[in-house]
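Below is one structure, written out as structure tokens; the observations come after it.
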Amino acid sequence: MSEPSAWIPVGELGTAFESEDAYRLRPVEPLLDRTLALHFESGAIVNLAFAPGSRITWSSDREDTGIQNATAPYQATEIRTGIVLVDFLAPREPATAVSLILDLREGICTALIGRLPTEHEAHISLPERIEQNRELTAVTAVVLSGAIDRPFAQTTRRHALTRELIGKRIEYSYSPKERYEHVYLNENFYTWHCLTGAEQGLADTDRCSYRKLADRLYLFAWREKIVPTLGVVILDLEQMKTTGKIFGYRDFAFKGVTNFGIGARARILSSP
């Protein structure tokens, strides 16, 4: 019997995924010098300003978004014209990252606010979590629906939950060396398996969610329980590629976070 593969910290995974030959989309600045007002379903309004040097300012007169006003570096990728993924760390919050899916054509948006657990929270054992009726992962994510530059109304379209990926098995190549397969099991869980790369041989089943952005275009987010990790990607089954990010602690000492961009070439292995 071969030796099992070792679990690695997210920082080490980022080093593997950010190689020069990686397939991720390069950052763009389609929103440079623009301002947008995001009107969320809760009534909160968040103003965004995109400045030179890839810096974003997030400001609101309400606190129910959970993110304090601040300016931070950001990365943006555009997987389809007018659909932009903006991602940044919230500098005034502990271990918190924000992903914005801005659908400029439809005038709607989705915000995903992800938080990593503290060291204490991460060390609560799986049996304890089961006994306390907690999720097995200590990573949390809040999803907010909104409209861009107009009030959110009853008729405003949302990026809705979808079942269209369930049952599919898809292979993702992040670079010539990093290759994974995903099996989308049901509304709440998927299984991942590293075929080649830094995590070769490792596999697990983790919490996830799926939202439909457009025809054959999906937002997929997952939260891992063994090594606290949040992943957010946009999957385009027309172009057969993804763009997104992975967020986690740099090492097992919980002293700092990493939030790096990823992208992959996709291949459907089986479909119901």
Checklist outcome for this item: The lone condition Arg92 fails out of (1) assigned to a strand (DSSP E or B); (2) under 22 Å from Gly231 (Cα atoms); (3) over 19 Å from the mean Cα position of the chain (by Cα) is (1)
Next on the checklist: As an exercise: evaluate Ser125 against (1) in contact with a strand residue (DSSP E or B) (Cβ under 9 Å, 6 or more places away or on another chain); (2) loosely packed, with under 12 Cβ neighbours inside 10 Å; (3) not acidic (Asp, Glu) and give the number of the one condition it does not meet.
Outcome noted: (1)
Checklist entry - Looking at this structure, is Leu85 in contact (Cβ under 8 Å) with a residue 12 or more places away in the chain and either surrounded by 15 or more Cβ atoms within 10 Å (Cβ to Cβ) or on the phi > 0 side of the Ramachandran plot (or both)? => result yes
Checklist entry - Within region 253-265, can you find the residues that are of a type in the set (A, V, I, L, M, F, W, C) and surrounded by 15 or more Cβ atoms within 10 Å (Cβ to Cβ)? => result Phe254, Val257, Phe260, Ile262, Ala264
Checklist entry - Which fully enclosed strands (runs of 3 or more DSSP E) of region 155-241 have 1 or more residues being without any contact (Cβ under 8 Å) to a residue 60 or more places away in the chain, of a type outside the set (Asp, Glu) and under 20 Å from Ile268 (Cα atoms)? => result 179-184, 189-196, 203-214, 217-224, 229-236
Checklist entry - Does Leu102 fit the bill of being touching a Cys at 6+ places or on another chain (Cβ under 6 Å), aliphatic (A, V, I, L, M) and within 30 Å of Glu121 (Cβ to Cβ)? => result no
Item to check | Output for region 52-82, where each listed residue is aliphatic (A, V, I, L, M) and free of Cβ contacts under 8 Å to residues at least 40 places away in the same chain | outcome: Ile56, Ala70, Ala72
Next on the checklist: If I filter region 5-62 down to residues being among the β-branched types (Val, Ile, Thr) and outside any loop (DSSP other than H, G, I, E, B), which single residue comes out as surrounded by the fewest Cβ atoms within 10 Å (Cβ to Cβ)?
Outcome noted: Thr35
Checklist outcome for this item: Selection over region 242-267 where residues are more than 19 Å from the chain's Cα centre (by Cα) and either touching a residue at least 24 places away in the same chain (Cβ under 8 Å) or not in a loop (DSSP other than H, G, I, E, B) (or both) yields a count of 4
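Quick note: the coordinates plus some simple rules give every number you see, no bench work behind them. Since the model is a prediction, treat every value here as computed from it, not as a measurement. Quick reminder, even Gly has a Cβ in these numbers, built from the backbone with ideal geometry, and neighbours come from all protein chains shown.
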